[in-house]
Amino acid sequence: MEEFGKDPEEAPGPENQQERSSLQSGEADEEVHEDVNEEPHNQQPEDKKVEESEKMVLSQRILTLQRELPEQIRNIQTAADAKESMRRTEQEKACRLRLELLENDVKSSQEKFGEIIGEWSTANQKITPQELQELLNNQQKLSSALLDDKKRVINELQQELKVGDDRYVKDLRKHAEELGLMMERVEDQIKTLKMAYREELAHIQRINQQESEVLLTTDKAEWEQRLKALWDKELDRLMQRQEKVEEYNEKVEDVVLETRDQFNDKQLGHNEKLMAMVRERKQLEAASMSTQRILTVIPKPDGPDNLIQRKLRLVRKEMLNLKAQYSSQQKCITQMKRQLTDRRNRIVQQHGHTQKKIQHFAVADVKKFEQMWLMIEDEVKQLVERVLVLDSIIYKQHLGLAWERPHMAFMGRSGLIQPQKQTQSPTHQAVTQVIRTQDLQGSQRMTDASVGPMLKTDAESVTTEVHKAESEGGAEVEERKLSNEALKTVMELLCDELGFLFEEKFLSQLAPLEEEEQAVMKLSSLFSAFGISKREVPRLAQVLLKHKNQKRLQTEDVCVETGNSSDKAEDAGASCMSHVTSEHMDLNHLLPALKSFLEQHMRSREVPASQNLSFQCEAVRDTSEDQAYWESMSNVISEDKVKVWEAAESKIKQYHAELTEISELITETLSLEQQNAELRVLLQQYLQSIVFTDLESS
Amino acid sequence: MSRSPYLQGATINPAEDFRRMRRIVAEDLDWTLVIVPCLSKLCLQSFIRNFEEKPIFEELSPTQRDFVQEGLSTSLPLNLTANLISDGVFWKRCCEERWDLCDVSHYGHSWKRMFFERHMENIIELFIPYSTEEKTVLEMVPLCKNYVKRLNISQLLPPIREPEGEEEDELGLDSPYQNENEGQSMDHFNFKILLSKLTNLEELHLVYKVNQCGMNFEWQMFEMTDKDCKSLASALKSCKTLKILRLHESHIEDKKCLLLVKHLLDHPSLRELDFSHNLIGDKGARAVAKLLNKSQLETLNLYDNDIRDHGAKALAHALAKNPTLQSLNLRLNRVGDEGGQAIANALLNNKTLSHLHLGANKVTEPTVITLAKVIAQNNTLKSINISCNCLGEDGGKALEEAMSYNTSITECDVCLTGMGEQSVSFINQAVWTNKKNAI
């Protein structure tokens, strides 16, 4: 029962503690509040200290919380400990009491037991049954008392046990309650701690924000201040710079003005100086002019030698210059000359080539023409023959008339139609022959030209011979001689007549030479001047001679020609004169002849000589005769005959058509005949079969 | 009007209608080409599916390993996964599947360690001697020995007693022979087979009790038998890595304590010994005192035992010479003034002890006065607890005076000591200032 009483005393322990702890926490809160109250006082003087103190307060609060809160739990534990220790002491006490009680009980029961045992010993002395009964009863009583004692003790112990059990159960309940309390507290603590931490966090955040704001504002202010200062400085500098710029501008203007003034002054001075100098110069010039004039006016006193010498020098200089120019020009000219000669040679070569070619082509053309002529003539003749044959057939067979072969002179002919002139002018032929021989003898003549002087003596005789030969009308041997001699004479004539063409210098240079050599040189120079090559020399001679011949022929044949009136007159005048004189007297006509030759020559240069010849041949041919010839060929069948032919053709065609019809009819009749025959055979067969059947049937 | 022929047609040509009914319907409306997984992912998934037949893990790259860990089934046999799969998501999944509360911070932030420790604990806690085969435990040893650092065993089941046995018990309660027999039959799991094999074990928390016994309560369920004690002692001796040993609520008497301490002498690694809530008396305390100077113990906890003045004197004697012990807890004992004085005097010479708990020890004024001397003089003591002792006003004053000289004590519990309010607040203030200074 004591335990029951004590327990309630202990029970409020934790509550008290709780109260105490709450008091403590309240104190702490008060402290905090006090601190907070103190804050505003301190805030004004020092901000930072306040923040620090705030921080300190906060941290202290947290610390106190951390310290106080677990203390509550610890208090419960300690209370439990205290209770446990108390319980132990009580238990010990109870144990001791119990042990004492048990010992007492054991003692008393042992005493009683001893009494009972002692009684048993006295029981032997008792003899009387009553005494024994009494003793027994007494013993029984004693033992029952002992048993009662024991039972009592047992009951007591059992009761104690019960109480202990109850207490244990109570303790357990209390423990459970305490545990619940503890858990509650722990949860509360957790809550409060959380709150505290949150508050602290918020506080710290706030402080941090404040600090950052303060820092920001201060920084901003500082920044603005510094910026302002910087801008002010910049402005000052700018102003200074502007001022300086203005100053410098002014200075520059001043300097410019100064320099301009100076320059102007200097220019003026220079101009003046220049003017002065010009004036001086003019004066000097005037002076020099005057002196010159004086000098010119009075050359002698000055010294003629000087003047002459000067002039000489000038002339020499000019001479030298001219010489240089001359040499350079000469060089140029020589170069040009060389180039030109080269070009000329080249052109001449080309010309020769082209001439050759043209000659070749001309010959080929002539040949071809002849061949063509012949061929076509043959063909035409064959055609004519056929026509004639057909004609004869038509006449003989168709018309039944006698046919006569028409007269055809051209049939007997063949080849080219030769011009009729051949017979007309044998002299011309001779001339051409002479020309040909001369062509052949071109090379010979050249040697003759070089050996000219030797033949010169025979010149007279040759000319006569020429004359003879020409009058006779052509012996070739004589002609050759003549030509050589004639050449000579012609050459000499040329030399003499054309003497006016030579320069005096040339003649003077030739003077030392012999006459023959002179002539040769003259001729060569002449030919070179005329541009006549050595080959053409004979031709020249021939032309000249021809010229003479023509005149003579004119006189002889009395044919009307368009010759020169002067020639006619001359010829008329000198017709009776001897040939030799006439030849010699021809000198006057030599020039025009030469002229004409040269003109011809110039022309013939462009057209080669041989071609010239062939042209002459072609030109001689009479194309009208050709036409007539060919027309006579075509007119073998006359117009009447053609009409007859056409009529005959139509008739023959009709006849032919009829004939073809007949032939067709013949084939038809043949087939019909065949059919007829077949039908007949069939009929016969059929008849035969009918007869047989009739026979059988019958 | 226009519908009727259509309907007729529909009825007439059911085949056609059926054909019209057949439409290509997308089987998965959410299907897009984007969702089609990569081939590598598919491969990994097939790895996961066939992990039991062909475990491929170490060849993979870290990211692939993560993927595999995410996908592996937690029901895979442990002998496959234990040494193959490294600490990671897989073990986290395993843990969270088995237990609701998983605070990985208590396990060195290793899910694997957590899994294996708790798995081992479960096995041992559910081990029933003579009916469960030892093989079940031993099979696990090679798998988890590398990961288990702590075993916190909250119950050890006794062997199942047959109904006949109960009768025997009832019959032969008095006979000592029967008792012995029964003791044998009440033996728990034999740690001898296990501890020497767990090469990484550092902490062992043992409680010889049964959780949730319900109406089958028997005192014997909450006891450690002699044989248990013997086997445990030798097992502890064989476990050379053990640092912390806690044996709570296991009914350890002086005899068992002697036995245990005898085997723990000169243990190479033991740092903390905790025999809280037992029945250790003066003899056991003497043995522990002997152990104090024959080991490197730093923490000794004898909370809630039955140590009286003799045992306390023995402990004080050892404490006076001990250079290692930092914390001594004698809460809820019966030390008394003699023992308390002895301990306080020992502290005059000790320079290592920093935590002392003498709460609920029947200590009174004289002890506090000697303690006050110690407090005034000693600078290593940091926390002192003398709550639940009848110290009286004078003791409070003495302590108050001593605290005014001390600068090291940051915790001092003087609740329920009968001190004056003033002295308590002063002491608290002094502690508070000390604490602030310490910070």
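Largest first and in whole Å, the equivalent-ellipsoid semi-axes of region B:268-316 read 18, 13, 7, each the square root of five times a Cα gyration tensor eigenvalue.
What number does region A:239-373 give for Rg over Rh if you use C-alpha atoms and the Kirkwood radius?
Values: Rg = 42.0 Å, Rh = 25.9 Å.
Reported Rg/Rh, Kirkwood definition of Rh: 1.62.
From the P(r) of region B:343-439, could you give the percentage of C-alpha pairs in the tail past 24 Å? Kindly include the intermediate steps, with their values, before the conclusion.
Numbers: 418 of 4656 pairs.
Pairs farther apart than 24 Å: 9 percent.
Using the Cα centre of region A:648-698 as the reference point, and only Cβ charges (+1 on K/R, -1 on D/E), how large is the resulting charge dipole? Debye, rounded to the nearest 20.
Numbers: 3 positive and 9 negative charges, 28 e Å.
It works out to roughly 140 debye.
What ranking of A:Lys357, B:Lys362 emerges when the number of other C-beta atoms within 10 Å of each C-beta is taken as an exposure proxy, fewest first? If you can, show how the numbers build up before the last one.
Details: A:Lys357 11, B:Lys362 21.
Fewest-to-most Cβ neighbours within 10 Å comes out as A:Lys357, B:Lys362.
With both labels modelled 7 Å from their Cα along Cα-to-Cβ, the B:Glu134 to A:Leu147 distance reads 5.6 nm.
Subtracting the Cα-Cα distance of A:His175 and A:Val363 from 0.36 nm times their residue separation leaves 51.3 nm of extension gain. Counting charges near A:Thr122 (Lys, Arg +1; Asp, Glu -1) among other residues having Cβ under 12 Å from its Cβ returns a value of -3. The relative contact order of chain B comes to 7 percent, based on Cα pairs under 8 Å that sit 6 or more residues apart. The relative contact order of region B:64-114, computed from alpha carbon pairs under 8 Å that lie at least 6 residues apart in sequence, is 35 percent.
A simple charge model with +1 on the Cβ of Lys and Arg, -1 on the Cβ of Asp and Glu and nothing else charged puts the dipole of chain B at about 2000 debye relative to its Cα centre. Placing unit charges on the Cβ atoms only, positive for Lys and Arg and negative for Asp and Glu, gives region B:33-84 a dipole magnitude near 120 debye about its Cα centre.
With r as the distance between the Cβ atoms of A:Lys191 and B:Glu59 and R0 = 51 Å, compute the FRET efficiency 1/(1 + (r/R0)^6) and round to 0.05. Could the numbers behind the result be given before it?
Working: r = 52 Å, r/R0 = 1.03.
With a Förster radius of 51 Å, E is 0.45.
Restricting everything to alpha-carbon atoms, can you work out Rg to Rh for region A:300-355 with a Kirkwood hydrodynamic radius? Walk me through the numbers before you get to the answer.
Numbers: Rg = 23.7 Å, Rh = 15.1 Å.
Using Cα coordinates only, the ratio equals 1.57.
Amide H contacts under 5 Å for B:Asn152: B:His205, restricted to partners 5 or more places along the chain or on a different chain, H placed in the peptide plane at 1.01 Å from N.
What is the local net charge at A:Val278, summed over the other residues whose Cβ is closer than 15 Å to its Cβ (Lys, Arg +1; Asp, Glu -1)? Provide the component values of the computation, followed by the final result.
Working: positive: A:Lys273, A:Arg279, A:Arg281, A:Lys282; negative: A:Glu272, A:Glu280, A:Glu285.
Neighbourhood net charge equals +1.
Between A:Gln309 and A:Glu200, the modelled label-to-label distance comes to 13.4 nm, taking each label 7 Å out from Cα in the direction of the beta carbon. Kirkwood radius and radius of gyration were both taken over the C-alpha atoms of region B:88-148, and their ratio Rg/Rh is 1.01.
Using a Förster distance of 25 Å, how high is the FRET efficiency between A:Glu213 and A:Leu63, based on the Cβ-Cβ distance and rounded to 0.05? Don't skip to the answer; put the middle values down first.
Numbers: r = 28 Å, r/R0 = 1.13.
Step by step, r from the Cβ atoms, then E = 0.30.
This ranking places B:Val368, A:Val380, A:Val255, A:Val644 by how few other beta-carbon atoms lie within 10 Å of each, fewest first, which gives A:Val255, A:Val380, A:Val644, B:Val368.
Computed from backbone phi, the HN-Hα couplings of region B:415-423 come to 6, 6, 10, x, 6, x, 4, 4, 5 Hz, rounded to whole numbers (Karplus: 6.51 cos²θ - 1.76 cosθ + 1.60, θ = phi - 60°; Gly and Pro given as x). Evaluated at q = 0.10, 0.14 Å⁻¹, the base-10 log of the normalised Debye intensity for chain B, with identical point scatterers placed on the Cα atoms, takes the values -0.87, -1.21.
Sorted from fewest to most neighbouring beta carbons within 10 Å, what does the list A:Met195, B:Met403 look like? Intermediate values should be presented prior to the final figure.
Values: A:Met195 11, B:Met403 25.
Ordered from fewest to most neighbouring Cβ atoms within 10 Å, A:Met195, B:Met403 come out as A:Met195, B:Met403.
Rounded to the nearest whole Hz, the Karplus-based 3J(HN,Hα) values (6.51 cos²θ - 1.76 cosθ + 1.60, θ = phi - 60°) of region A:268-282 follow the sequence 4, x, 4, 4, 4, 4, 4, 4, 4, 5, 4, 4, 4, 4, 4, with x at glycine and proline. The residues packed around A:Asp265, meaning those with a beta-carbon under 14 Å from its beta-carbon, carry a net charge of 0 if Lys and Arg are +1 and Asp and Glu are -1.
Over all directions, how big on average is the projection of the convex hull of the alpha-carbon atoms in region B:27-117, in square nanometres? Don't skip to the answer; put the middle values down first.
Working: hull surface 31.9 nm².
Result: a mean projected hull area of 8.0 nm².
When shorter helices are ignored and each DSSP H run of at least 4 residues is given -39500 (n - 2.57), the per-residue value for chain B at 222 nm works out to -14500 deg cm²/dmol.
Placing R0 at 45 angstrom, the Cβ-Cβ distance between A:Gln262 and A:Arg293 gives a FRET efficiency of 0.50 after rounding to 0.05. 3J(HN,Hα) along region B:58-73, derived from phi through the Karplus expression 6.51 cos²θ - 1.76 cosθ + 1.60 where θ = phi - 60°, amounts to 6, 6, 7, 7, x, 5, 5, 4, 4, 4, 5, 4, 5, x, 5, 6 Hz, with x in place of Gly and Pro.
All of the numbers you see were taken from the coordinates with simple rules; none came from a lab. Please read all numbers here as calculations on a predicted model, not as lab measurements. Positions of Cβ are generated from backbone atoms using ideal geometry, with glycine treated the same way; all protein chains shown enter the neighbour counts.
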